[in-house]
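Reviewing the structure listed below.
The values are calculated or read from the model by the stated rules, or taken from the named source; none is laboratory data. A quick note: this is a predicted structure, and the numbers were derived from the prediction, not measured. Note: ideal-geometry Cβ built from the backbone for every residue, glycine included; neighbour counts use all protein chains shown. Ligands, DNA and RNA are excluded from the accessible area calculation, which covers all protein heavy atoms including side chains. Shrake-Rupley method; radii C 1.70, N 1.55, O 1.52, S 1.80 Å.
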Amino acid sequence: MLMNILIRNELKQDHRKVEEITRAAFSYPDRIERGGIGCPYEHWMVHELRKRDGILELSLVAQIDHALVGHIICSKAEVRTSNAIIPVLNFGPLSVLPEYQQIGVGKALVKNMICKAAESGFGAILFFGRPEYYPQFGFQEASKWGITDSDGYNYPAFMGMELIPGYLSSAKGGKYYESDIYDDDLNRNKVKKFDDLYFFI
């Protein structure tokens, strides 16, 4: 069933609802068995990205019939080479309410994010995601540009896209570093405290 999906910038009054959407999107029963922290982590991540490392003009919501159903946010990251630091974008979490998944909401958010990032003059996007999903938007393995993760590894889930042609040409041999907000182990206790205060877990 086709729906009219409106993508717009997140507003301050959207913050709580966006965190609820993100929490619902990442609440799956097997999380603990798969090594997760037992409660969703990504809603706290969104909350913190608004204070640091997040790029607010690239925090977008999806709306259907005046109801918020999805969200995406970008953050600051960089590629470090032996003689340069190259600013890039990271993105995530990408969140869609479970009952609105598989109808194009996520695709609309990603496509709009890419367009807005390019229009704003950002040079490239690098991130970790599902290699069976994101190539449809033009993402390729980061090994194409000779970039590794911070530990020096490449794998299909580490992907990127140039928004300015040739932007990553000087990044060969560089390592990618994202915000420490994405470090589960480092932030485990902060997530628990946040949930205790705001989600009453």
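Among the residues of segment 15-41, those that are more than 16 Å from TYR100 (Cβ to Cβ) and at pLDDT 90 or above comprise HIS15, ARG16, GLU19. Summed over segment 124-142, residues that are out of contact with any helix residue (DSSP H, G or I) (no Cβ under 7 Å at 6 or more places or on another chain), of a type in the set (A, V, I, L, M) and either closer than 12 Å to ILE72 by Cβ or assigned to a helix (DSSP H, G or I) (or both) total 1.
Screening TYR155 with (1) under 22 Å from MET45 (Cα atoms); (2) more than 16 Å from the chain's Cα centre (by Cα); (3) not small (Gly, Ala, Ser) gives one miss only, at (1).
Identify, from the list ILE147, ILE103, the residue that is open to solvent by 60 Å² or more (accessible area, probe 1.4 Å), touching a residue at least 40 places away in the same chain (Cβ under 8 Å) and not charged (D, E, K, R).
Details: ILE147 fails: open to solvent by 60 Å² or more (accessible area, probe 1.4 Å).
That would be ILE103, the only listed residue that is open to solvent by 60 Å² or more (accessible area, probe 1.4 Å), touching a residue at least 40 places away in the same chain (Cβ under 8 Å) and not charged (D, E, K, R).
A quick yes/no check of all residues on (1) open to solvent by less than 10 Å² (accessible area, probe 1.4 Å); (2) assigned to a loop (DSSP other than H, G, I, E, B); (3) polar (S, T, N, Q); (4) closer than 17 Å to GLN136 by Cβ:
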{"residue": "SER75", "(1), (2), (3), (4)": "yes, no, yes, no"}
{"residue": "ASN90", "(1), (2), (3), (4)": "yes, no, yes, no"}
{"residue": "GLU99", "(1), (2), (3), (4)": "no, no, no, no"}
{"residue": "ILE114", "(1), (2), (3), (4)": "no, no, no, yes"}
{"residue": "PHE122", "(1), (2), (3), (4)": "no, yes, no, no"}
